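Below: the structure, in structure tokens.
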Amino acid sequence: MAKIITIERHILETQKQFPEATGAFTNLMYDMALAAKIIARETTRAGLAGILGAADDHNVYGEQQQKLDVFADQMIFKINDHTGRLCAMASEEHEGLIEIPPHFDTGKYVLLYDPLDGSSNIDVNVSIGTIFAVHRKVTTGERGTLDDLLQPGRKLAAAGYVIYGSSTMMVYSTGHGVHGFTLDPGVGEFLLSHENIRIPPQALYYSANQGNQKYWTTGVNRFIQHLQGMEGEPRKPLGHRYIGSLVSDIHRNLLRGGIFIYPGDLQKPNEPYGKLRLMFEAQAMAFLVEQAGGYASDGLGSILDIQPYSLHQRVPLFIGNRDLVELAEAYIRRYDQDWIAAYRPFRERASQPA
Ligand code: P6P
């Protein structure tokens, strides 16, 4: 019979090999696993809310029915605010830093999270996800500050995502490989199902919203046509798969090989940076994909090397098989100097004098 490995056992076993992986990670990952189980339960019921929820939009427990992303956001905060492991948090649903309540102890990590990414897909029963990232505290005060949150992805202590799909999976890394756990609802435990995920060397898919094609830059357009076997070096065309839920698209490409792109464009010349958020989506996914042997870029260079200047800053994202992401960079360097000139100041803002 195969070994039954829970998240706790897996981290304890990892700890033996890497002493610096402290017990705090076990607890932090468990906190996120608990949040995932509770959110999973709510997402599977979401479609029923209208039926089960009373006319005054209270659910069967008499609780005020909340939008699922608000519920997820509050759930993650409440599970983490009192543990003494964190000195600050930040959420895609909140404009600024989220303080640890003054009556709780603080710790040496900060948590950044997108509580329910792709939540517009809930009503049509498409899988959605939670994304989270953990940085180490770098400031000396007791409570965290923006400097503890706005760190480059290269410094991440851990990151992960939960995918609420045909099954609920939690995928995370503490810097020693990427590992996937599948929720056994009967036991209420996440069990190791995908140890040491490595992106397959041959990509099968590309993921892009073709509806934006008219706005894509020349380099991006020619890169996509190359993936379709119609431009540049002859190649077998890649299949096109696009769910419109970042976690689902990247998870599939991680397991099967592929590239996801959400490029910047010049539709609005003063907003050349695309749609996805660096601190709540791109950094965590870039950390995970690089840990699995892939690569993530904003078109100019690694997402993990970007020094953030704002919690909600947006970045273009090319993520997946390294050879394809680097090819995208080459197409952009060759054909998109005008876009690069418009975007570069945003990428380098943090290093400019305030
Ligand atoms: P579009 C969901 O809203 C999201 O933030 C990601 O999960 C997803 O990859 C992207 O936006 C989809 O954006 O413009 O293609 O609908």
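The values are calculated or read from the model by the stated rules, or taken from the named source; none is laboratory data. Keep in mind it's a predicted model, so treat the numbers as computed, not measured. So basically every Cβ, Gly included, is an ideal-geometry build from the backbone, and we count neighbours across all protein chains shown. Heavy atoms of the whole protein, side chains included, go into the accessibility calculation; ligands, DNA and RNA do not. Shrake-Rupley method; radii C 1.70, N 1.55, O 1.52, S 1.80 Å.
List of remarks:
- Filter pass, Q337 being among the polar types (S, T, N, Q) and more than 17 Å from Y262 (Cβ to Cβ): yes
- For H194, the conditions (1) at pLDDT 95 or above; (2) buried (at least 21 other Cβ atoms within 10 Å of the Cβ) all hold with the exception of (2).
- Whichever residue in segment 93-149 is within 16 Å of the ligand (Cβ to nearest atom) and polar (S, T, N, Q) and, among such residues, is surrounded by the fewest Cβ atoms within 10 Å (Cβ to Cβ): N125
- Some residue of segment 233-249 being closer than 24 Å to I5 by Cβ, touching a residue at least 12 places away in the same chain (Cβ under 8 Å) and touching a strand residue (DSSP E or B) at 6+ places or on another chain (Cβ under 6 Å): yes
- Annotation note: of Q337, Q313, the sole residue that is polar (S, T, N, Q), in contact (Cβ under 8 Å) with a residue 12 or more places away in the chain and either exposed (fewer than 14 other Cβ atoms within 10 Å of the Cβ) or out of contact with any Ser or Thr (no Cβ under 7 Å at 6 or more places or on another chain) (or both) is Q313.
- Options G293, G274: the member that is within 16 Å of the ligand (Cβ to nearest atom) and not in a helix (DSSP H, G or I): G274
- Of all residues in segment 256-269, those that are in contact (Cβ under 8 Å) with a residue 24 or more places away in the chain and open to solvent by 50 Å² or more (accessible area, probe 1.4 Å) total 4.
- Against the criterion of being at pLDDT 85 or above and open to solvent by less than 70 Å² (accessible area, probe 1.4 Å), F71 qualifies.
- Filter pass, M279 being modelled with pLDDT of 95 or more and more than 12 Å from the ligand (Cβ to nearest atom): yes
- Neighbours by Cβ (under 7 Å, 6+ apart or cross-chain): first from segment 162-177, more than 23 Å from E290 (Cβ to Cβ); second in a loop (DSSP other than H, G, I, E, B): Y164/S127; G165/S127
- Matching residues, segment 144-198, being β-branched (V, I, T), more than 30 Å from G96 (Cβ to Cβ) and in contact with a Ser or Thr (Cβ under 6 Å, 6 or more places away or on another chain): T182
Residue-by-condition table, conditions (1) of a type in the set (A, V, I, L, M, F, W, C); (2) touching a helix residue (DSSP H, G or I) at 6+ places or on another chain (Cβ under 9 Å):
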residue: G229; (1), (2): no, no
residue: E233; (1), (2): no, yes
residue: R241; (1), (2): no, yes
residue: V247; (1), (2): yes, yes
residue: L255; (1), (2): yes, no
residue: I259; (1), (2): yes, yes
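- Qualifying position, being part of a loop (DSSP other than H, G, I, E, B), farther than 24 Å from T130 by Cβ and within 14 Å of the ligand (Cβ to nearest atom), among Q267, Q307: Q267
- Members of segment 191-206 that are within 16 Å of the ligand (Cβ to nearest atom) and touching a residue at least 60 places away in the same chain (Cβ under 8 Å): Y206
- Selected residue [at positive phi and within 16 Å of the ligand (Cβ to nearest atom)] from G244, G188: G244
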